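This report refers to the structure that appears directly beneath it.
The values are calculated or read from the model by the stated rules, or taken from the named source; none is laboratory data. Nothing here was measured: the structure is a model prediction, and the numbers come from that model. Neighbour counts are summed over all protein chains in view; Cβ atoms, including those assigned to glycine, are modelled from backbone coordinates with ideal geometry. Only protein heavy atoms, including side chains, enter the accessible area calculation; ligands, DNA and RNA are left aside. Shrake-Rupley method; radii C 1.70, N 1.55, O 1.52, S 1.80 Å.
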Amino acid sequence: MNKILDENVYDLIIDNIMLPSYDTGDNTTFINQIISLLHVVNNNMSVCDLGRQPYHRFPALFTLESDISIEKSRINRVQTNPYLGLYGSGVIVGIIDTGIDYQHPVFCHNDGTTRILSIWDQSVQEGNIPDDFTFGSEYTYKQINLALQSDNPLSIVPSVDAIGHGTAIASIVAGKEDIGKAFRGVAPDSELVVVKLKEAKKNLRKIFFVPEDAVCYQESDILLALRYLMMVSKKLNRPLAICLALGTSQGGHDGRGNTSVYLDYVGQVSRVGASVSAGNEGNTQRHYYGQTDTPSIDEVFELRVDDKDKEFSLEIWPDVLARLAIEIITPTGESTQWIYPQRNACIENDFIYSPSNIWVNNIMLEEKTGNQLILIRFKGAIQGIWQFRLRNIGNEPYSFHAWLPSGHLISRDTYFLNANPDTTITEPGNAKNTLTVAAYNQNTDAILLESSRGYTRTDLVKPNLAAPGYNLTCALPNNQFGTLMGTGAAAAHTAGIIAMILEWAVVQGNYTSITGNDINNLLIRGARRKPTMVYPNNIWGYGEVDAYALFERLTI
């Protein structure tokens, strides 16, 4: 079996400088010039495999970030201006998500032919594998058109979007107008390249104690999807607008994760722009922030665990001056011993009066960030209030952040007491060169309560902008229409504007070497700002996206 599909194989992310030490000829997969995947066979999986292998090598688990707006961003004025007339023509829109319903009319030209250049379905293994990849099936423009002409399209292109999120996101970015449904995507003349992600391996779910039925995707597949989009764009010599409407609360929220680093590189490449959702963790009570100016006093925080959430993980990221020991106290009053930072230790704790088991990795030096990380994983967690007591071994004041998993990996009924809504941007939205998009209600001009807030853990300004994200009309599988809400919808809206900018800059020849960073700065300059508010801020970033103002500011 292909190792990237084998449940007895871990897909670990390693720096390419390490390849000579591990490469045996068939156990690595190239991602980019910086990182590759190392496939490690493990027939006897253990929770403490994370400990034997460093934390940062395990791919993070990503969740979907979405659960009437064209005029609000003044897109219509750009499209009707005779000197602009921008609809995304000549631009590729890249979607990495749950797939696409390629039979939906909004993804077809008026003559019935497809607007999709290719689909790489990572979950289907019966078709042709894309060049330079080792799994999945690639369906070309020609094959999709043959399928659309067939009485049984799925016999030719058996790729479907069972969840509907990818179809909705793609339609908001690039859907063709349907007057009867009062629908039109932002860049309806663009064409699409779609990657349908396969769901995360069971072994990775077990490592991070994620329920088997939870919808989530592993970071390594997203990295390969980004590589595929870049490859197609280069092959066709076409500008590329990427929409990533997924995120994770794993990692240090400092933009140093693997996907963040890759997107930082993408942001510096000519003719490529990317829009990333900020996350929907603003009102979930899944972030706690603590600080103390008196190092001799223990810091205590509390977590309310619901009976539904038997298995989950929690991450604590102290600041660089801290060296924290931790004691965990169950709702029955039992406690672990003090667990001190070590290099690779994975300590299991069980209790007499409850069936709970806890594994604690108090990692002295997390290799990717250079910070301490305390990873706590629960099995059989009992309902009630859990306490976490932190003690600094050193003698300096310190601060720390704690995060629970994002999305539907945990219920809304498990949460921190005295939670903090700030610093809840999901990765890779904390990356320096990504355009991170918050969501607001375009009908009331109010930020969505669930829209994640900045800044990053290292105080970088995030989000960059806010875009409409409240009940946006979208296409859904089986020729249906519906609405989409959240920062994923806002990121899709903004990706369509990026496609318009790329048409003006590259296709029309106004700025052929434009980079993602250039596009980000143009959008920030053109953002609409309220006179009563101070910018940038950790809720709206630099303001509300405004496509027409962007071009107004380019005039003399």
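Of note:
- Listed peptides 128-138, 287-297 by packing density, highest first (mean Cβ within 10 Å): 128-138, 287-297
- In the full protein context, the chain carries 38 Å² of accessible surface per residue, based on a 1.4 Å probe and ignoring ligands, DNA and RNA.
- Dividing the helix sum by the residues of the chain, where each DSSP H run of 4 or more adds -39500 (n - 2.57), gives a mean residue ellipticity at 222 nm of -5000 deg cm²/dmol.
- For Leu448, the residues whose amide H sits under 5 Å from its own are Ala439, Tyr440, Asn441, ignoring neighbours fewer than 5 places away on the same chain, with H placed 1.01 Å from N.
- The stretch 475-547 - percent of accessible surface contributed by carbon and sulfur, probe 1.4 Å: 51 percent
- Residues listed by number, the stretch 1-29, amide nitrogen under 19 Å from Asn43 label point at 7 Å toward C-beta: 1-11, 27
- Karplus-derived 3J(HN,Hα), 6.51/-1.76/1.60, for each residue of the stretch 45-53, Hz, glycine and proline x: 4, 10, 4, 7, 4, 7, x, 5, 9
- Length gained when the stretch Asn479-Glu302 is fully extended (0.36 nm per residue, less Cα-Cα span): 59.0 nm
- Accessible-area composition of the stretch 284-346, carbon plus sulfur, in percent [1.4 Å probe]: 43 percent
- Inter-site label distance for Val269 and Glu199 at 7 Å from Cα along Cβ, in nm: 3.0 nm
- Dipole magnitude (debye, nearest 20) for the stretch 310-429, charges at Cβ of Lys, Arg, Asp, Glu: 120 debye
- Working from label points 7 Å from Cα in the Cα-to-Cβ sense, the Arg553 to Ser354 distance is 5.1 nm.
- For the stretch 121-211, size of Cβ-based charge dipole, Lys and Arg +1, Asp and Glu -1, in debye: 520 debye
- The GluC sites (Glu not before Pro) of the stretch 493-556 include none that meets both conditions, a loop assignment by DSSP and at most 13 other Cβ atoms within 10 Å of the site Cβ.
- Alpha-carbon centroid distance for the pair the stretch 268-340 / the stretch 371-427, whole angstrom: 2 Å
- Computed E for Thr24/Asp213 - FRET, C-beta separation, R0 41 angstrom, nearest 0.05: 0.70
- Size of electric dipole in the chain: Cβ of Lys, Arg +1 and of Asp, Glu -1, about Cα centre, debye, nearest 20: 1080 debye
- Approximate spin-label separation Ser399-Gln125, in nm, with each point projected 7 Å along Cα-to-Cβ: 4.8 nm
- Label of the coordinate-derived value, Cα extents along the principal axes in Å, listed as (1) 94, 61, 38; (2) 83, 53, 46; (3) 70, 60, 42: (3)
- The gain in end-to-end length when the Glu177 to Asp132 segment is fully stretched comes to 12.6 nm, 0.36 nm per residue minus the alpha carbon separation.
- The chain: Cys lacking any partner C-beta under 4.7 angstrom: Cys108, Cys216, Cys243, Cys474
- Candidates per GluC sites (Glu not before Pro) in the stretch 184-280, loop by DSSP, up to 12 other Cβ within 10 Å: Glu212
- Scoring 413-420, 100-107, 173-180 by mean Cβ neighbours within 10 Å over their residues and listing the highest first yields 100-107, 173-180, 413-420.
- Where a label projected 7 Å from the Cα of Leu146 along Cα→Cβ would reach, residues of the stretch 82-116 with amide N under 16 Å: 114
- Protection proxy ranking, highest mean first, for peptides 468-476, 139-147, 426-434, 328-336: 426-434, 468-476, 139-147, 328-336, where packing is the per-residue count of other beta-carbon atoms within 10 Å, averaged.
- Treating each Cα of the stretch 255-340 as one equal point scatterer and applying the Debye formula with no solvent, the log10 of I(q)/I(0) at q = 0.12, 0.20 Å⁻¹ comes out as -0.64, -1.18.
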